[in-house]
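Visitor: Encoded as structure tokens, here's the structure I'll be asking about.
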Amino acid sequence: MTRPPVQARRRLAHPELHMQRNRELVSFIPVVLMMMIGFASVYAARSAHVDASSLYYSLLFVGLFLAVHLLLRLAAPHADPYLLPLTALLSAIGIMMIYRIDPELAAAQTTWLMTGLGLFLITMIFLRNYRRLDDYIYLLGLIGIALLVVTIIFGDEVNGARLWLKAGGFSIQPGEFSKVLITIFLAGYLNMNRELLSTSTRHMLKIPVPPLKHLGPLVTMWGVSLALLLLMNDLGASLLLFGIFLAMIYAATGRIIYPFIGGALFASGALLAYNLKATVQIRIETWIDPWSDSLGAGYQIVQSLFAIGDGGLFGTGLGKGYLLFASGEPIIPELHTDFIFSAIAEELGLVGATGLIVLFMLFCYRAFKIAIDSDDGFSKLLAAGLASGFALQTFVILGGVMKLIPLTGITLPFVSYGGSSIVANFVALALLLLISNRTNGERAR
Amino acid sequence: MTPGMEMNSSIRRLFIVSVILFASLMAMLGYLQVIAADSLAENPQNTRKIYKQMRIERGLILAADRSLLAGNRLEEELYHREYPLGDLAPHLTGYSDPTYGQTGIERSLNSYLTGTADEVELVYLFDTLMGKEKRGADVRLALDPVIQKAAISQLQSIGKRGAVVVLDVNTGAVKAMVSAPSYDPNQLVANWEQLNADPGAPLLNRATQGLYTPGSSLKLITTAAALENGFQPDSSFNDENGNIVIHGNTINNWRDTPFGRHDLSEAFSQSINTTFAQVGDRLGQGSLLDYQQRFGLYEKPQLELPSGEIQASGRYLDGDLASPGDPLDPVQNAWLAIGQENMLVTPLQMAMIAQAIANEGKMMKPYLVDSIANHNGVIIRQTRPEQWKDPISPATAGQLKEMMIKVVNEGTGSRARTSLVQIAGKTGTAEIEGSGPNAWFVGFAPADSPRFAIAVVVEDSDSGGGISGPVARDTLLAALGYGPDN
């Protein structure tokens with residue numbers, strides 16, 4: 001292809017350059033409106049009158065995302081225009097709900113949000129050529145696993161699960177970062193080996209079976225997930241990590257046999273855990289029948305179901321649900337993290353909570369679209385892995401609090417309270433935007 | 001071809017899988033919030049509803065003189081119910097407890113007391129903007145504690161189970177409603193098992209739920225039917241033996257007393273069964289039933305209590321209200337005319353009959369609640385007295401009144417007589433298998449310009465007039481502002 005003269009390139013690139021970011025800017029308008037109304041009603045419900053500080057929160061929020069938007073105009077002009085407004089809306093709903101539960105936590109969450117946006121910008125600028133990551137995948141994968149190992153050895157046990165690492169003044173959840181690092185590793189590894197993994201010569205009972213040596217990564221990932229489950233008691237992270245792996249190996253090879261073998265392996269591992277670990281047993285039994293121990297093991301899920309049911313079609317209204325005891329303690333433990341969806345479903349009802357699920361679905365749609373649009377194997381697998389992880393994490397926690405599947409402690413991306421979760425998800429968002437920026441930039445050229 | 005294009009179809013399938021996952025989340029959410037919402041709310045383990053209500057300052061329940069029947073005690077930001085007058089009127093106020101639920105006015109007017117009724121909500125909309133705390137509306141009863149206390153102490157001095165209902169003759173307002181034994185709603189939680197095991201059933205509101213055989217007190221209706229169907233107070237009858245054989249079945253008088261020649265008025269004041277059996281036989285089932293229904297039998301009175309705490313009066317077969325049209329043979333019909341044959345009535349129903357006779361034949365709709373006032377003291381619902389039925393003509397009512405005066409002055413109701421005021425009434429003694437009879441007194445005072453109608457029933461006693469008469473007399477005297485007449 002012959003390059004057009006410099007003059008022509010500018011003319012071509014310019015409208016495209018502004019189009020994506022202008023779409024983003026326009027998409028921010030409904031986000032800002034919804035956020036202001038939301039904050040105002042939470043304030044009204046909490047303090048019986050609308051305070052000027054509700055305005056400060058909204059303004060701070062709008063200011064932050066507008067600043068990021070302006071920086072994107074320079075750093076990644078071609079990036080997908082809808083992911084950032086969607087993220088802003090999800091974060092705003094999260095902060096609003098957290099403020100309604102405990103204003104002090106909302107202040108902390110705002111700090112985390114700023115940290116997340118900061119790391120997002122750093123990623124956007126310094127990983128502009130993110131494909132260089134492909135050269136360091138083993139190192140990144142090792143760091144990902146090392147973080148998990150460190151947590152297993154030095155971690156603090158909270159609620160029966162060893163997820164937290166205390167460093168200096170605050171604690172972090174390394175699992176959230178491992179998720180992103182291992183996704184990068186898998187994208188590189190599977191891209192490198194996908195032709196080998198896709199070809200098979202042997203058949204067993206007329207089913208094509210991949211050569212045994214190629215099952216190595218499958219078994220390794222299975223081992224890591226099982227270790228997570230048995231040593232960290234973390235069913236959620238284990239399920240998520242293995243699920244991302246199965247989605248990515250399927251994307252890479254197009255062969256349904258891998259998810260099937262993987263599913264069987266995970267099931268056998270889960271069965272082993274069920275027999276070895278009392279905590280896993282309780283999780284399963286509580287899922288099947290939470291009612292018989294509604295004041296003990298089943299308390300959280302039973303209260304979550306009551307809260308969701310109470311919301312009905314239109315919800316009790318922001319700030320008007322029965323979320324807190326008179327003492328200010330939340331009725332459902334972990335309301336601000338794992339169970340934030342129960343609070344949203346109670347106060348915003350079926351209409352609002354379905355809207356939230358639709359936002360997650362749109363986010364996934366854009367992420368998968370980035371995977372399909374991108375034009376190299378590594379980018380495709382990375383975007384598909386991040387998209388799958390996002391969808392799966394949403395499903396695991398929402399399904400858990402609604403008793404669709406056994407409950408496992410995991411955050412709702414961008415909505416739940418939690419520094420590690422927010423920061424790690426913003427890095428993932430940055431990677432998605434970088435991939436789309438590159439793809440669209442190439443097209444515009 | 002761009003590298004990796006072959007992955008697009010499997011990535012698309014991954015997206016389809018994620019759409020299926022999201023769709024299943026939405027389906028589950030819809031199931032929980034629409035289909036299962038009611039059963040979740042009604043789940044006995046779900047205390048959200050009651051606790052939510054306990055955060056609202058519940059409206060007060062007040063008597064006619066503004067004395068406090070139900071108030072609140074604030075404990076750890078939750079409002080707990082208190083009943084300062086203890087066992088004075090627990091069957092009217094009911095109770096409101098997070099464990100045992102609600103009864104009485106607490107239940108039937110819960111939406112007003114918690115401020116969730118539409119006309120209360122409207123005010124809050126404004127008040128919330130003004131930064132005021134939400135508070136329920138106050139319910140003011142027509143109940144007069146002086147009359148209520150008099151009736152209670154009368155029943156207590158006898159030491160028997162029973163009930164007293166006093167109605168305002170002109171309005172139908174319930175001025176007193178007593179059910180003995182009573183209980184203290186403040187001690188509900190502590191005494192719950194004991195209260196439920198007690199054979200005296202203290203939680204039962206005998207005044208509206210107690211079904212009693214009316215016996216001779218039902219002759220008020222039989223006589224009304226007779227007077228409007230050709231009989232006169234001086235219609236003549238003969239009673240030779242103290243019993244009569246009607247269609248092969250013997251009906252006898254109280255203690256088989258023979259009364260000889262007499263008129264209808266005499267038969268009424270002496271409660272002569274043989275005469276009323278003949279009257280019933282001659283009137284026939286259709287006419288008797290007509291007048292029973294005119295006086296409201298076979299219908300639940302529309303009092304402001306939960307529907308489950310009110311019983312309709314009428315014939316009961318195997319515990320269920322019989323269809324009024326069920327055909328009776330002439331023998332059954334004769335027994336029905338004197339208040340037997342599975343006829344069961346509530347004390348409230350009998351008080352309403354007395355009220356109608358005293359009010360020139362106009363039966364008023366009974367009511368407990370005088371008004372409801374929102375937290376600012378503004379009346380949002382005021383009960384206006386309403387006529388419910390028009391059972392008999394003023395002339396018939398006048399004739400019945402004269403006959404009822406005679407009962408007290410010369411007949412079976414002489415124990416209700418007092419020099420202070422002319423009382424009119426009718427006694428009843430209903431034989432009960434396995435215990436003493438139920439003693440009735442149904443009447444009103446003052447006879448010349450009636451103000452209060454009363455029904456008294458005392459379980460396991462002797463003759464009606466002997467034991468219920470004094471209870472009615474002293475309760476009516478208290479209502480009219482006199483001391484008890486001994």
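Visitor: Which length gain, in nm to one decimal place, applies between A:ALA107 and A:LYS320 when the Cα-Cα distance is subtracted from 0.36 nm times their residue separation?
Guide: Roughly 74.6 nm would be gained on extension.
Visitor: Considering only B:ILE20, B:ALA373, B:ALA225, whose Cα is most displaced toward the positive end of the charge dipole of the protein assembly as shown, charges sitting on Cβ of Lys, Arg (+1) and Asp, Glu (-1)?
Guide: About the Cα centre, the residue reaching furthest to the positive side is B:ILE20.
Visitor: Sticking with this structure for a sec: When only C-alpha pairs under 8 Å and at least 6 residues apart count, what is the relative contact order of the range A:6-444, in percent?
Guide: Once divided by the residue count of the range A:6-444, the mean separation gives 22 percent.
Visitor: Hey, how many Å between the Cα centroid of the range A:363-377 and the Cα centroid of the range B:358-392?
Guide: What the calculation gives is 72 Å, centre to centre.
Visitor: I would also like to ask the following. Toward the positive end of the charge dipole of the protein assembly as shown, about the Cα centre and with charges on Cβ (Lys, Arg +1; Asp, Glu -1), which of B:PRO450, B:GLN45, B:VAL165 goes farthest?
Guide: B:GLN45
Visitor: Determine the shielding of peptide B:362-373 by partner chains: average, over its residues, the number of Cβ atoms on other chains within 10 angstrom of each Cβ.
Guide: Taking all residues of B:362-373 together, the mean is 0.
Visitor: OK, next. Hey, what do the phi angles of the range A:298-305 turn into as Karplus ³J(HN,Hα) couplings, whole Hz, using 6.51/-1.76/1.60 and θ = phi - 60°, x for Gly and Pro?
Guide: Each residue's phi maps through the Karplus curve to give x, 4, 4, 5, 5, 5, 5, 5 Hz.
Visitor: If you count, for every residue in A:290-299, the Cβ atoms of partner chains within 10 Å of its Cβ, what is the mean?
Guide: What the average comes to for A:290-299 is 1.
Visitor: Now for a different question. Excluding the sites themselves, what is the longest stretch of chain B that contains no trypsin sites (Lys or Arg not before Pro) in a DSSP loop with at most 15 other C-beta atoms within 10 Å?
Guide: B:133-486
Visitor: Just which residues of the range A:378-402 lose 20 Å² or more accessible area with every protein chain there, against their chain alone, with the probe set to 1.4 Å?
Guide: A:LYS380, A:ALA391, A:PHE395, A:MET402
Visitor: Taking all protein chains in place and a 1.4 Å probe, what share, in percent, of the accessible surface of the range A:6-444 do carbon and sulfur account for?
Guide: With neighbouring chains kept in place, the figure for the range A:6-444 is 69 percent.
Visitor: Now, a different point. Per residue of A:305-315, how many C-beta atoms from partner chains lie within 10 Å of its own C-beta, taken as a mean?
Guide: For peptide A:305-315, the averaged partner shielding equals 6.
Visitor: Going by amide H atoms built from the backbone, whose H comes under 5 Å of the H on B:LYS175, apart from near neighbours?
Guide: Amide H to amide H, under 5 Å and 5 or more residues apart or across chains, B:LYS175 pairs with B:VAL166, B:LEU167, B:ASP168.
Visitor: Moving to a separate point now. Under a Cβ-only charge scheme (Lys and Arg +1, Asp and Glu -1), can you give me the dipole magnitude of chain B about the Cα centre, in debye to the nearest 20?
Guide: With only Lys, Arg, Asp and Glu charged at Cβ, the dipole is about 980 debye.
Visitor: Same structure, new question: Which whole-number percent gives the relative contact order of the range B:1-97, counting Cα pairs below 8 Å spaced six or more residues apart?
Guide: That works out to 14 percent.
Visitor: Please give me, ordered by residue number, the GluC sites (Glu not before Pro) of the range B:1-96 that lie in loop per DSSP and have at most 15 other Cβ atoms within 10 Å.
Guide: Those satisfying the criteria are B:GLU76, B:GLU77.
Visitor: So between A:LEU276 and A:LEU33, what do we pick up on full extension, going 0.36 nm a residue minus the alpha carbon distance?
Guide: 82.3 nm
Visitor: While we're looking at this one, here's another question. Using a probe radius of 1.4 Å on protein heavy atoms only, what is the accessible area buried between chains B and A, both sides summed, to the nearest 100 Å²?
Guide: Its buried surface, counting both partners, is about 4100 Å².
Visitor: Compute, for A:ILE332, the solvent-accessible surface of its heavy atoms (probe 1.4 Å) with the complete set of protein chains present, and express it in square angstrom to the nearest 10.
Guide: About 10 Å², rounded to the nearest 10.
Visitor: How far, in degrees from 0 to 90, does helix B:464-479 lean away from the longest principal axis of the Cα atoms of chain B, to the nearest 10?
Guide: Around 60 degrees separate the two axes.
Visitor: Restricting attention to the range B:352-424, which GluC sites (Glu not before Pro) occupy a DSSP loop and are surrounded by at most 15 other Cβ atoms within 10 Å?
Guide: Listed in order of number, the matching sites are B:GLU386.
Visitor: Given the pairs B:LYS365/B:LYS389; B:LYS149/B:LYS401; B:LYS389/B:LYS426; B:LYS406/B:LYS426; B:LYS175/B:LYS401; B:LYS300/B:LYS389, which span a C-alpha to C-alpha distance of over 18 angstrom in this model?
Guide: Distance filter (> 18 Å) returns B:LYS149/B:LYS401; B:LYS389/B:LYS426; B:LYS175/B:LYS401.
Visitor: What are the ³J(HN,Hα) couplings of the range A:69-85, residue after residue, when phi is run through the Karplus curve with 6.51, -1.76, 1.60 and θ = phi - 60°? Round to Hz, x for glycine and proline.
Guide: Values, residue by residue: 4, 5, 5, 5, 4, 8, 7, 9, x, 9, 4, 3, x, 9, 5, 5, x Hz.
Visitor: Now a separate question. Let me spell out the model: positive unit charges on the Cβ of Lys and Arg, negative unit charges on the Cβ of Asp and Glu, origin at the Cα centre of chain A. What dipole size does that give, in debye rounded to 20?
Guide: Here chain A has a charge dipole of around 1880 debye.
Visitor: Could I ask something else about it? Quote the FRET efficiency, to the nearest 0.05, computed for A:TYR56 versus B:ARG451 with a Förster distance R0 of 60 Å and r equal to the Cβ-Cβ distance.
Guide: 0.35
Visitor: With every protein chain kept in place and ligands, DNA and RNA left out, what is the accessible area per residue of the protein assembly as shown? Probe 1.4 Å, answer in Å².
Guide: I get 41 Å² per residue for the protein assembly as shown.
Visitor: Projected onto the charge dipole of the protein assembly as shown (+1 at Lys/Arg Cβ, -1 at Asp/Glu Cβ, origin at the Cα centre), which of A:TYR82, B:SER182, A:ILE340 gives the Cα projection farthest towards the positive end?
Guide: A:TYR82
Visitor: Also, quick follow-up: On a C-alpha basis, how far is the centre of the range A:280-351 from the centre of the range B:88-103 in Å? Whole number, if you could?
Guide: What the calculation gives is 30 Å, centre to centre.
Visitor: Sequence gap of 8 or more, or different chains, plus Cα separation below 27 Å: how many lysine pairs satisfy both in chain A?
Guide: Number of lysine pairs found: 11.
Visitor: In whole Hz, what ³J(HN,Hα) sequence does the range A:287-293 give by Karplus (6.51, -1.76, 1.60; θ = phi - 60°), x for Gly and Pro?
Guide: Working through the residues one at a time gives 5, 5, 9, x, 6, 6, 10 Hz.
The values are calculated or read from the model by the stated rules, or taken from the named source; none is laboratory data. Just so it is clear, the model here is predicted, and its values are computed rather than measured. As a convention, Cβ positions derive from the backbone with ideal geometry for all residues, glycine included, and neighbour counts pool all protein chains shown. These area figures cover heavy atoms from the full protein model, side chains too; ligands, DNA and RNA do not enter into them. Shrake-Rupley method; radii C 1.70, N 1.55, O 1.52, S 1.80 Å.
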